[in-house]
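A.B. asks: Please read through the structure below; I'll follow up with questions.
The values are calculated or read from the model by the stated rules, or taken from the named source; none is laboratory data. These figures come from a predicted structure and were not determined experimentally. Glycine gets a Cβ as well: all are built from the backbone with ideal geometry, and neighbour counts include every protein chain shown. Surface areas here come from the heavy atoms of the whole protein model, side chains and all, with no ligands, DNA or RNA. Shrake-Rupley method; radii C 1.70, N 1.55, O 1.52, S 1.80 Å.
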Amino acid sequence: MAVTSNEKAAAGADRFLRACRQQPVDRTPVWFMRQSGRYLPEYRALREGRDVLELCRTPELATEATLLPLRRMDVDAAILFSDIMVPVAAMGVDLEIRDGIGPVVADPIRSTADLDRLHWLDPETDTPFVMETIRLLRKELAVPLIGFAGAPFTIASYLVEGGPSRHYVRTKALMHGEPVAWDHLMTRLGDAVLAYLRAQVAAGAQAVQVFDSWVGALDPDDYVRFVLPTMRRIFDGLVDTGTLRIHFGVGTGELLPLMREAGPDMVGVDWRVPLHEAWERVGFDVGVQGNLDPAVCLAPWEAVETKALAVLRRAAGRNGHVFNLGHGVLPETPVATLQRLVELVHERTER
């Protein structure tokens, strides 16, 4: 029986969600972390004269930023344009996001007493612009919308260090030296992240991704003691919403089985572990997302194609693979490379 154009369109709109559920798809879905970003000239024009937080807090601008890459390439999902520090700023933290540096916190948290400066988050009151952006996007999008939040450890690392860090010395010193203070911080952030994600789902997000970008700095024992309970509480707290839950981290090869224990539907994998080995570590009963090295996308197309096909070969056509990079799109990435990459994945995986 011939497949109609309407049926093809419906399959495309549902492709990402089906893959997250490990259901059969007509071809492997693709989206990119930071698919709205400085590699797009339209995004740079939108950002001109504005900082990131201003963009995030203006629903019409955040909606436009989210839609920009979908006008350039046939990605299978949109991810909300925002920043992981948006809810933290709404909780009373004095911070700025500096280009080329990242979040910088004026008065870092270093003790239990400092937690008094973090008020409890009410997403509808404190971040209503995020929910309005989601509602606007659902009216515009033909593909699923992914909401997101930063994971408590990664957010805590910025709050404690005062900004980006290479070794997370102060963060680990607080964890081990003042475990009660650490537990209180993780509880406060865990409650905020869960409330924030539930509000995004209520507003219309069809999947959510929790970014634990810097948790790879921990060994498995510390992850189990200081991070896993909070992550499990977040993912368990989303079960009743029916939303699809993705857990992503960087440098987490040794933590992948533990990240799966937290309870997501899909685990995002960076480029350091071959996809099939990562899938074995998390178990084939959950999906995986990834995992092309973002830096490869700055190389000639022949190199990009070779590495992308290696990822697909390792996925072996199993249900439950979403093609993505192993981290966000780099600003220097040619737009044409990402366009060709989407086409390549779709063409080579068509069932």
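A.B. asks: Which ³J(HN,Hα) values, rounded to whole Hz and listed in residue order, are derived for segment 306-313 from phi using the Karplus coefficients 6.51, -1.76 and 1.60 in 6.51 cos²θ - 1.76 cosθ + 1.60 with θ = phi - 60°, glycine and proline given as x?
C.D. replies: 4, 5, 5, 5, 5, 4, 5, 4
A.B. asks: Choose one of Thr187, Thr241, Ala299: the residue whose Cα lies farthest towards the positive end of the charge dipole of the chain (beta-carbon charges +1 Lys, Arg; -1 Asp, Glu; about the Cα centre).
C.D. replies: Selected residue: Ala299.
A.B. asks: Over segment 121-160, give the accessible area per residue in Å² for a 1.4 Å probe, as an integer.
C.D. replies: So segment 121-160 comes to 31 Å² accessible per residue, rounded to a whole number.
A.B. asks: Counting only helical runs of four or more DSSP H residues, what would the 222 nm mean residue ellipticity of the chain come to if each run contributes -39,500 (n - 2.57) and the total is spread over all its residues?
C.D. replies: When only DSSP H runs of four or more count, the value is -13500 deg cm²/dmol.
A.B. asks: If you don't mind, another one. Counting only DSSP beta bridges with both residues in the chain, tell me the antiparallel percent, nearest 5.
C.D. replies: In the chain, DSSP labels about 15 percent of beta bridges as antiparallel.
A.B. asks: Using a Gaussian network model of the chain whose springs link C-alpha atoms within less than 10 Å, name the residue from Val93, Val322, Val267 with the highest mean-square fluctuation.
C.D. replies: Top of the fluctuation ranking is Val93.
A.B. asks: Right, another one. How many percent of all Cα-Cα pairs in segment 232-351 sit more than 22 Å apart?
C.D. replies: 36
A.B. asks: So how far, in whole Å, is the C-alpha centre of segment 129-198 from the one of segment 100-122?
C.D. replies: Computed from Cα coordinates, the inter-centre distance equals 11 Å.
A.B. asks: Shifting gears a bit: Which percent of the accessible area of the chain is formed by carbon and sulfur heavy atoms (probe 1.4 angstrom)?
C.D. replies: 50
A.B. asks: Additional query: Which semi-axes, in whole Å and largest first, does the equivalent ellipsoid of the chain have when worked out from the alpha carbon gyration tensor as the square roots of 5 times its eigenvalues?
C.D. replies: After diagonalising the Cα gyration tensor, the semi-axes are 31, 23, 20 Å.
A.B. asks: Could you pull out the trypsin sites (Lys or Arg not before Pro) across segment 218-304 that fall in loop regions by DSSP (anything but H, G, I, E, B) with no more than 15 other Cβ atoms inside 10 Å?
C.D. replies: Loop-located and lightly packed - Arg272.
A.B. asks: How much length is gained on full extension from Glu178 to Trp301, taking 0.36 nm per residue of separation minus their Cα-Cα distance?
C.D. replies: This chain segment gains 39.3 nm when fully extended.
A.B. asks: Evaluate the distance, in nm, between pseudo-label points positioned 7 Å from the Cα of Val239 and of Asp51 along their respective Cα→Cβ axes.
C.D. replies: Rounded to a tenth, the inter-label distance reads 4.1 nm.
A.B. asks: Distance from a point 7 Å along Cα→Cβ of Arg135 to each backbone N in segment 54-77: keep the residues under 15 Å and list them by number.
C.D. replies: Flagged as within label range: 58-60, 63.
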